[in-house]
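Worksheet: one structure, shown below.
The values are calculated or read from the model by the stated rules, or taken from the named source; none is laboratory data. Treat the numbers as computed from the prediction; the structure is a model and nothing was measured. All Cβ positions, glycine included, derive from the backbone under ideal geometry; neighbour counts span all protein chains shown.
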Amino acid sequence: MATDNPTAASKETEEYLNPQFGGGQFHHAANGASTAEEKTEEYLNPQSSNGPDSARDMAAETLERIRTTNSIITITPEQFEKLYLQPQGQVKGDLRKTFGNPTPLALGGFVMGLTPLSCQLMGWRGSGQLGTATIGVFLFIGGPCLWVGGLLEFFLGNTFSFVVFFIYGGILFGWGATLQPFYNASGAYAPNGDYVTGKTEPAFWSSLAFWPLAAGMLSLLFMVGAVRINAVFMMVFFTVGFGFLLLAGAFWEQGLNDAVMFNRLCQGTGGTWFVTSLLGWYLLFVQIMDAVGFKWPLPVGDFSEFWAKREMNSKV
């Protein structure tokens, strides 16, 4: 029904369109929107309003988590050398904070290859044949783990660990390839090219001896570098290097057809490398315990403090 009073109709229309002048429907909608905005503001920024304490607590907790996530975690030189088996250097980037520590992987491959080989060289439980029974371990466990670990050390900027792991990984690969008839390393010294016949030729053993000789010299070079790291790592290189030199002597004695001295030197190599493997197992144990959160102060004979004091005194 039409309104009889035009003035009243105009007033109602004005109140509907402009709620500030009346209490119309639009006025209630505007108040509802304002209340929603205020509640949103209180939730997102509780410090600027009198919102509930739970909202403030939530915002503070979130901010604290962000600060914790972005915080910089530093480790001492001793802890770094225990983790990566080399002194801490200046490298670009934060890959060490992004990826895991590859050192335990390489150490695992090292002890898995060396431990059974040392036992076979000593002839335990009737074993022998220079580790022929464990060719698969050299080619598919020891060598690959050392190479993968060494490659990851390279990306982390750990030059010494990278070189060491790649060299010993290559030695295990080379050992397995030499024992593998497919490559027929000894067949080149046999008149008929036969692998088994070639292993009886003196020239094969005399030539093969230069390989452990070079490996022993390189290991002793690594030992000098490890003087900057810790005593256990230094002893690893000393024992493995001495074992390589004994093995070179064993091969030369085999080339002279002196089977008795060959066996004695092989047993000496196995005993020396068994000590090396025990040291490697200890380093691996230290690494694994640290990786899973056991903060045990296991000693490795750290040298970082000694060299830090020496460098400080030289500057003075």
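Would you check if ALA308 is among the aliphatic types (A, V, I, L, M) and more than 25 Å from MET112 (Cα to Cα)? Yes. Filtering the range 166-219 to residues that are within 32 Å of the chain's Cα centre (by Cα), within 23 Å of LEU139 (Cα to Cα) and aliphatic (A, V, I, L, M) leaves ILE167, ILE171, LEU172, ALA177, LEU179, LEU213, ALA214, ALA215, LEU218. Would you confirm, using the coordinates I've provided, whether ALA259 is farther than 30 Å from PHE160 by Cβ and aliphatic (A, V, I, L, M)? So ALA259 passes the test. Scanning the range 98-113 for residues that are surrounded by 14 or more Cβ atoms within 10 Å (Cβ to Cβ) and either among the basic types (Lys, Arg) or in a helix (DSSP H, G or I) (or both) returns THR103, PRO104, LEU105, ALA106, LEU107, GLY108, GLY109, PHE110, VAL111, MET112, GLY113.
Residue-wise test of (1) touching an Asp or Glu at 6+ places or on another chain (Cβ under 7 Å); (2) under 30 Å from PRO104 (Cα atoms).
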residue: GLY157; (1), (2): no, yes
residue: PHE160; (1), (2): no, yes
residue: PHE165; (1), (2): yes, yes
residue: PHE173; (1), (2): no, yes
residue: ALA188; (1), (2): no, no
residue: ASP194; (1), (2): no, no
residue: TRP205; (1), (2): no, no
residue: LEU208; (1), (2): no, no
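Residues in the range 129-139 that are free of Cβ contacts under 8 Å to residues at least 60 places away in the same chain and at positive phi: GLN129, GLY131. Kindly indicate whether any position in the range 228-249 is within 33 Å of the chain's Cα centre (by Cα) and assigned to a loop (DSSP other than H, G, I, E, B). Yes, there is a match, as at least one residue in the range 228-249 is within 33 Å of the chain's Cα centre (by Cα) and assigned to a loop (DSSP other than H, G, I, E, B).
For ALA226, state whether it is crowded, with 21+ Cβ neighbours inside 10 Å, touching a helix residue (DSSP H, G or I) at 6+ places or on another chain (Cβ under 6 Å) and aliphatic (A, V, I, L, M). In short, yes. When restricted to residues that are surrounded by fewer than 20 Cβ atoms within 10 Å (Cβ to Cβ), in contact (Cβ under 8 Å) with a residue 60 or more places away in the chain and small (Gly, Ala, Ser), the range 140-190 contains 1.
The requirement of being assigned to a helix (DSSP H, G or I), surrounded by fewer than 19 Cβ atoms within 10 Å (Cβ to Cβ) and without any contact (Cβ under 8 Å) to a residue 40 or more places away in the chain is not satisfied by GLY193. Every condition in (1) free of Cβ contacts under 8 Å to residues at least 24 places away in the same chain; (2) part of a helix (DSSP H, G or I); (3) over 17 Å from GLY280 (Cα atoms) holds for PRO116 except the one numbered (3).
Exactly one residue out of LEU146, LEU156, LEU172 is closer than 30 Å to THR103 by Cα, in contact with a Lys or Arg (Cβ under 7 Å, 6 or more places away or on another chain) and not aromatic (Phe, Trp, Tyr), and it is LEU156. The residue that is modelled with the highest pLDDT, among those in the range 246-299 that are in contact with a Lys or Arg (Cβ under 9 Å, 6 or more places away or on another chain) and surrounded by fewer than 19 Cβ atoms within 10 Å (Cβ to Cβ), is MET289.
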